1. Count, please, the residues in the stretch 28-57 that happen to be without any contact (Cβ under 8 Å) to a residue 24 or more places away in the chain and aromatic (F, W, Y).
2. Could you list all residues from the stretch 66-82 that are surrounded by 14 or more Cβ atoms within 10 Å (Cβ to Cβ), under 18 Å from E99 (Cα atoms) and aliphatic (A, V, I, L, M)?
3. Please list, ordered by first then second residue, the pairs with beta carbon atoms under 6 Å, 6 or more apart or interchain, first in the stretch 89-101 and free of Cβ contacts under 8 Å to residues at least 40 places away in the same chain, second exposed (fewer than 10 other Cβ atoms within 10 Å of the Cβ) and not in a strand (DSSP E or B).
4. State yes or no: is N24 farther than 22 Å from L108 by Cβ and under 18 Å from the mean Cα position of the chain (by Cα)?
5. Output the qualifying pairs, or none if there are none: Cβ atoms under 6 angstrom, residues six or more apart or on different chains, first residue in the stretch 10-27 and surrounded by fewer than 15 Cβ atoms within 10 Å (Cβ to Cβ), second residue not in a loop (DSSP other than H, G, I, E, B).
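Coordinate-derived values only; no laboratory data. Worth saying up front: this structure is predicted, and the values here are computed from it rather than measured. We place every Cβ from the backbone using ideal geometry, glycine too, and count neighbours over all the protein chains shown.
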Amino acid sequence: MASVNKVILIGNLGRDPEVRYNANGIGVANFSLATTYGWTDKQTGERKEETEWHRVVTFGALSDIVERFLRKGSQVYIEGRLKTRKWQDKSGKDQYTTEVIAEQMQMLGKPISSTESQESAEATSDLNMDEEEMPPF
């Protein structure tokens, strides 16, 4: 039976990305992305908004681009898939976190720093790694 796990987001980074490297030297970037849904209340005519925060993770070459070019406030287009992982807190209790594993990214808007060279804004991550190679964070 066929299934689909695809996420498409356009939003702004809530803080600077965190980039780490796993034991194999593969970069892993984590950042929070805010998306805002807007509507008009039919009863009051008032404009309302609701912001949702998403945890986004990138690997490899895509993480290098994230590290070099994205900062708090950067607007990006993300395509990826959802992944829920289990981890244990300090008390040993199981916790679950759902993240967007980014497979493609397009930088939108103005660059945060105009001194950096303009490179291709589109990138695709090489996610052909085994689950064992994925870091626990």
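1. Step one: of the stretch 28-57, the residues without any contact (Cβ under 8 Å) to a residue 24 or more places away in the chain are 34, 37-52.
Subset that is aromatic (F, W, Y): 37, 39.
Residues meeting the conditions: 2.
2. Residues satisfying the conditions are V66, V76, I78.
3. Taking only residues 6 or more apart or on different chains, the pairs are Q95/D89.
4. Details: farther than 22 Å from L108 by Cβ: yes; under 18 Å from the mean Cα position of the chain (by Cα): no.
In short, no.
5. Close Cβ pairs satisfying both conditions: I10/Y77; G14/S32; G14/A34; E18/N30; R20/V28; Y21/G27.
Every residue, every condition in (1) farther than 16 Å from V28 by Cα; (2) in contact with a Ser or Thr (Cβ under 9 Å, 6 or more places away or on another chain); (3) part of a strand (DSSP E or B), yes or no:
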{"residue": "L62", "(1), (2), (3)": "no, yes, no"}
{"residue": "I65", "(1), (2), (3)": "no, yes, no"}
{"residue": "Y77", "(1), (2), (3)": "yes, no, yes"}
{"residue": "R85", "(1), (2), (3)": "no, yes, yes"}
{"residue": "G92", "(1), (2), (3)": "yes, no, no"}
{"residue": "T97", "(1), (2), (3)": "yes, yes, yes"}
{"residue": "M105", "(1), (2), (3)": "no, yes, yes"}
